[in-house]
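Here's the structure we're looking at; comments come further down.
Just so it is clear, none of the values below were taken in a lab; they were calculated from the coordinates. In this text the structure is predicted, and so the values were computed from the model without any measurement. For neighbour counting, all protein chains shown are included, and Cβ atoms are generated from backbone atoms with ideal geometry for every residue, glycine included.
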Amino acid sequence: MKVLVFGSLNIDHVYQVPHFLRPGETMDSLAYSRNAGGKGLNQAIALARAGMDTAFAGAIGQDGLFLRQLLEDTGVDTARVQVLDSPTGHAIIQVEVGGGNAILLLGGANRCITPEMAAHALEGLCPGDWVLLQNEISCGCEILRMAKQRGLCVALNPSPASPELASWPLETVDLLLLNEVEGGDLTGCTEPQGILDGLMQRYPDSAVVLTLGADGAYYRDARQQLYCPAVPVTAVDTTAAGDTFTGYFLAAWLPGGDAAYALRLASHAAALAVTRPGAGASIPEAKEAAAFMDRTSKNGDCDQ
Ligand code: RIB
């Protein structure tokens, strides 16, 4: 089994700030760094570091070759990464004291993906292989349809939330991984239980993972609901915590379907990621995540 991440590659411009900019305000930042990011890239790194056979499809410009190199160095198959005559996507990220972030995107090459490129990128996958999508590239809806037509399984992290998602055939998604903002947009509910119930009513054949940041995460399918508390840590930068969770959950869940174990491992990997600056660079190796889980196992038990 293999997972193809079909997603975004971004150059992250990260500014440490005393507080998020207010409308009309000009402010000095405390520090700057230029990092590898993009929800697609981050999730692919998490999958690969968690031990999954991972391939990537997406697009960069000449200025983003280092992103492809990072994926390759992490063991991700980058044969489906196209270099286009367009600037690489980028993100302007404010990180405030305490680790919270605010992210402004420019899609660049991520938004130049065409249905033809998508069809080509899905060649060579076999029924039973998985495609992991987010919502930072063009043609996401078409990719979902094509993947299902080819008998592939699809995991979707519908992030960032956008009105277009309402027209995607979400009922065909096998695993939906989302936070309470995205869940609220899809269901109109604000409470976790209402979101989970609403999602299961709409998509009864899907499995759902609902992440709540410091309030933990739920897994729900037609047979069971599980809850796993977050692992308490001192946050430095929460960027890519959700991506780390997504990649680790999928890598741990796919082989045997053990959702409780996957929630626990993903929670620990995401907790480690928030203790470090950056996106792709903050994602732990599998051995580190497993050792951290062993040490803090009392904190990570899942409840039915
Ligand atoms: O989820 C974090 C990511 O969101 C960042 O790396 C940024 O590039 C945006 O895609």
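Taking amide H positions as placed in the peptide plane 1.01 Å from N, state which residues far from V81 in sequence (5 or more) or on other chains have amide H under 5 Å from it.
G58
What dipole magnitude, in Debye to the nearest 20, does the range 148-304 give about its Cα centre under +1 on Lys/Arg Cβ and -1 on Asp/Glu Cβ?
340 debye
Please figure out what share of the DSSP beta bridges in the range 1-149 is antiparallel and state it in percent, rounded to the nearest 5.
That works out to approximately 35 percent antiparallel.
Grab the other residues whose beta carbon is less than 15 angstrom from that of L250, score K and R as +1, D and E as -1, and report the net.
In short, -2.
Output ³J(HN,Hα) for the range 153-167: one whole-Hz value per residue in order, computed from phi by the Karplus curve 6.51 cos²θ - 1.76 cosθ + 1.60 with θ = phi - 60°, and x for Gly and Pro.
Rounded to whole hertz, the list is 8, 10, 10, 10, 10, x, 10, x, 4, 8, x, 4, 4, 4, 9.
May I ask you to sort S297, S167 by Cβ crowding, counting other Cβ atoms within 10 Å and putting the fewest first?
The order, fewest Cβ neighbours first, is S167, S297.
Rg to Rh ratio, the chain, alpha-carbon atoms and Kirkwood radius?
A ratio of 0.94.
Under 27 Å between alpha carbons: how many lysine pairs meet that in the chain, if sequence neighbours fewer than 8 apart on the same chain are excluded?
Step by step, the pairs that qualify in the chain add up to 6.
Got a sec to turn the phi values of the range 118-135 into Karplus ³J(HN,Hα) couplings, 6.51 cos²θ - 1.76 cosθ + 1.60 with θ = phi - 60°, whole Hz, x for Gly and Pro?
Listing the rounded values in order: 5, 4, 5, 5, 7, 5, x, 8, 10, x, x, 6, 10, 10, 10, 10, 10, 10 Hz.
Give me, ordered by chain and number, the residues 5 or more places off G75 or on other chains with an amide H under 5 Å from its own placed amide H.
Answer set, sorted by chain and number: none.
Tell me which of Y219, T54, F6 sits at the most positive position along the dipole axis of the chain, charges placed on C-beta atoms (Lys, Arg +1; Asp, Glu -1).
The residue sitting most towards the positive pole is T54.
Could you work out how far the C-alpha centroid of the range 27-55 sits from that of the range 222-242, in angstrom?
Cα centroid to Cα centroid, the span is 17 Å.
Out of L71, L122, L144, whose Cα points farthest toward the positive end of the dipole of the range 59-148 (charges: +1 Lys, Arg; -1 Asp, Glu; placed on Cβ)?
So the residue we want is L144.
Within 10 Å of each residue's Cβ, count the other Cβ atoms and sort V97, V173 from fewest upward.
V97, V173
With a 10 Å radius around each residue's Cβ, average the other Cβ atoms per peptide and rank 276-284, 204-212, 188-196, highest first.
Most protected by this proxy first, the peptides run 276-284, 204-212, 188-196.
Give me, ordered by chain and number, the residues 5 or more places off L177 or on other chains with an amide H under 5 Å from its own placed amide H.
Under 5 Å from the amide H of L177 lie the amide H atoms of L156, N157, V209, each far enough along the sequence or on another chain.
Rounded to whole Å and sorted largest first, list the principal axis extents of the Cα atoms in the range 155-304.
40, 30, 27
Treating only the Cβ of Lys, Arg, Asp and Glu as charged (+1, +1, -1, -1), what charge dipole size does the chain show about its Cα centre? Round to the nearest 20 debye.
280 debye
Order these peptides, 233-242, 71-80, by their mean beta-carbon neighbour count within 10 angstrom, highest first.
Top of the packing list down: 233-242, 71-80.
Order these by the 10 Å Cβ neighbour count, fewest first: W168, W253.
So the ranking, lowest neighbour count to highest, is W168, W253.
Taking the Cα centre of the range 1-145 as origin, work out the dipole magnitude from +1 charges on Lys and Arg Cβ and -1 charges on Asp and Glu Cβ, in debye rounded to 20.
Value, rounded to 20: 180 debye.
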